[in-house]
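The values are calculated or read from the model by the stated rules, or taken from the named source; none is laboratory data. It should be emphasised that the depicted structure is a prediction, and the values quoted were computed from it without experimental measurement. Neighbour counts run over all protein chains shown; Cβ positions are idealised from the backbone, glycine included.
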Amino acid sequence: MRIAVISDTHVPERAEAIPEPFRERIEAADHVIHAGDFETPAFLEDVRDLASELTAVHGNADPAEAALPAVADVTLEGVTFVVTHGTLNHVEAAVYGHDGMVMSQEDWLNAIADTARARTRAWDGDTLVGIGGHTHRVEDDVHEGVRVLNPGSVTGADPAETATMMELDVEDGTVDVSLLED
């Protein structure tokens, strides 16, 4: 199964559109995961139209009318993906000692891994992957036993230096990650 993982589109404020080669890959994917910051309900609908199946979460730049959850999970081919934008809620921000918007890489990794573990307390042993966005920085790391992915910004929105996304090949509980750049 091929999964397209994208985040931080920021259309129309910081970018005009997803680059065409990425749009084609999103359209061809069996499932699409978006880790937040569409910016408008209209652009959310654009991504929904591209995706055969979509799992998406609310980012800090998304309006309330987008009606997206803060955390979502989906299990595909024996892999459980827990998706959150990557900003901290007020309780987490108090624990980590800041406002929830500006954080270190370590805090971001903790937020994604902690959310994945908390969401899967009744986890049945599938491979666990936490996916987040927000930083526009590509990540593929194992943090405290959780594989943590950030596809960067699919449009190259500032502060990203280039447009990036991830393609995951998922089969029988294994995940192979490819980073794509435009």
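Worth a mention:
- Arg48 basic (Lys, Arg) and under 14 Å from Gly133 (Cβ atoms): no
- Only one of the numbered conditions (1) at pLDDT 95 or above; (2) out of contact with any Ser or Thr (no Cβ under 6 Å at 6 or more places or on another chain); (3) small (Gly, Ala, Ser) is violated by Ala113, and that is (1).
- Some residue of the range 128-142 being surrounded by 19 or more Cβ atoms within 10 Å (Cβ to Cβ) and of a type in the set (Lys, Arg): no
- Hits in the range 172-182 (condition: surrounded by 14 or more Cβ atoms within 10 Å (Cβ to Cβ) and over 16 Å from Arg23 (Cα atoms)): Val175, Val177
- Among (1) farther than 15 Å from Phe81 by Cβ; (2) part of a strand (DSSP E or B); (3) without any contact (Cβ under 8 Å) to a residue 24 or more places away in the chain, the one test that Leu180 misses: (3)
- Scope the range 82-110; condition at pLDDT 75 or above and either touching a Gly at 6+ places or on another chain (Cβ under 8 Å) or surrounded by fewer than 18 Cβ atoms within 10 Å (Cβ to Cβ) (or both); matching residues: Val82, Val83, Thr84, His85, Gly86, Ser104, Gln105, Glu106, Trp108
- Qualifying residue in the range 111-118 (condition: in a loop (DSSP other than H, G, I, E, B), under 29 Å from Ala15 (Cα atoms) and touching a His at 6+ places or on another chain (Cβ under 8 Å)): no
- The residue list Arg121, Arg137 contains one member that is more than 21 Å from Phe38 (Cα to Cα) and either modelled with pLDDT of 95 or more or in a loop (DSSP other than H, G, I, E, B) (or both), which is Arg121.
- Screening Met165 on (1) crowded, with 23+ Cβ neighbours inside 10 Å; (2) assigned to a loop (DSSP other than H, G, I, E, B) shows it passes everything except condition (2).
- Residue identified as of a type outside the set (D, E, K, R) and touching a His at 6+ places or on another chain (Cβ under 6 Å) among Ile18, Ile6, Ile26: Ile6
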